[in-house]
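Colleague: Quick one: the structure is below, questions incoming.
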């Protein structure tokens, strides 16, 4: 962890650091079967102000307008309680997830009135670029293509909150999603300088060898996925998970050394005591 972040941990415990406000964000773990389960990782460009050099899943901050966007819905109802969110927040989290993934990968997670996913066509890239230019364009594109949002395409997997010691903080819901047939994830985002499809086990091995810098929530998500054989098993497993809002928080041990716990943000209860400090910084990067 960068020195300035560790110093803020001491300041937080001394009451001398005021944590920044949280912003909602959505992350989507795109999945495919390719001789085994694979997921899509993007390496954040070194110039980025957030998570520079880190390998992340597609996603980003929820826009203020996402919760109010006029889009049609179908399929499973939203479950705000499971997202630890209001109904308006839950709408925004799903809309923002679909929007960000379309912007960053060209994958559009939506269905027609019969429940079929769309395949790419000649206007696909123009539509993606329009959403990247202006977020509200998503509503017009979905309407023109007669598509609806289906929360069932984006089951919730986990929920992480940026530590209080960071200078930018996000309340992030992680969703899992299969890349629809007829669509292909590709490197179209200016925020990344490299993308890769990899198995969770291979990604974790490269992380351990220092070849694939990642933040703790990404590592934890990959560790969960590594035990599952294919996309279908991930989607089934998602519905059975106990999803709690998790956040690393520093504490002072008996020797005056900063130690770290992962807590449930709802009540402050300790879920696990970490054997070492979290690696990396969402702002400082790798």
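The values are calculated or read from the model by the stated rules, or taken from the named source; none is laboratory data. On a predicted model such as this, the values are computed, not experimentally measured, just so you know. When we count neighbours, we look across all protein chains shown, and the Cβ atoms used for this are built from the backbone with ideal geometry, even at glycine.
Colleague: I need a count of the residues in segment 164-211 that are over 30 Å from residue 20 (Cβ atoms), touching a helix residue (DSSP H, G or I) at 6+ places or on another chain (Cβ under 7 Å) and at pLDDT 95 or above.
Modeller: Going through segment 164-211 one residue at a time, the tally reaches 4.
Colleague: How many residues does segment 6-50 hold that are part of a loop (DSSP other than H, G, I, E, B), at pLDDT 90 or above, in contact with a strand residue (DSSP E or B) (Cβ under 9 Å, 6 or more places away or on another chain) and closer than 30 Å to residue 87 by Cα?
Modeller: 3
Colleague: Hey, another quick one. Here is a check on your reading of the model: is residue 53 farther than 18 Å from residue 148 by Cβ, free of Cβ contacts under 8 Å to residues at least 24 places away in the same chain and part of a loop (DSSP other than H, G, I, E, B)?
Modeller: In short, no.
Colleague: Sticking with this one: Hey, does segment 186-205 have a residue that's within 19 Å of residue 95 (Cα to Cα) and in contact (Cβ under 8 Å) with a residue 12 or more places away in the chain?
Modeller: Yes, segment 186-205 contains at least one residue that is within 19 Å of residue 95 (Cα to Cα) and in contact (Cβ under 8 Å) with a residue 12 or more places away in the chain.
Colleague: Could you pull out every one of the strands (runs of 3 or more DSSP E) wholly within segment 212-286 that has 2 or more residues that are farther than 16 Å from residue 30 by Cα, within 17 Å of the chain's Cα centre (by Cα) and modelled with pLDDT of 95 or more?
Modeller: Ranges flagged: 245-252.
Colleague: Does residue 139 meet the test of being modelled with pLDDT of 95 or more and farther than 19 Å from residue 93 by Cβ?
Modeller: Taking the combined requirement at face value, the residue does not satisfy it.
Colleague: Starting from residues that are in contact with a helix residue (DSSP H, G or I) (Cβ under 6 Å, 6 or more places away or on another chain) and either buried (at least 16 other Cβ atoms within 10 Å of the Cβ) or at pLDDT 95 or above (or both), keep the ones in segment 73-87 and report whichever is nearest to residue 153 (Cα to Cα).
Modeller: 78
Colleague: Now, a different point. Given 126, 63, which one is modelled with pLDDT of 95 or more and more than 22 Å from residue 235 (Cα to Cα)?
Modeller: Numbers: 63 fails: modelled with pLDDT of 95 or more.
When all the criteria are applied, what remains is 126.
Colleague: Find all pairs meeting these conditions: Cβ atoms under 7 angstrom apart; at least six residues apart or on different chains; first residue within segment 239-250 and in contact (Cβ under 8 Å) with a residue 60 or more places away in the chain; second residue buried (at least 20 other Cβ atoms within 10 Å of the Cβ) and part of a loop (DSSP other than H, G, I, E, B).
Modeller: Listed by first residue and then by second, the contacts come to 239/155; 247/163; 248/163; 249/163; 250/165.
Colleague: Here's something else I'd like to know. Out of segment 69-113, which residues are within 17 Å of residue 134 (Cβ to Cβ) and free of Cβ contacts under 8 Å to residues at least 24 places away in the same chain?
Modeller: Residues satisfying the conditions do not exist here.
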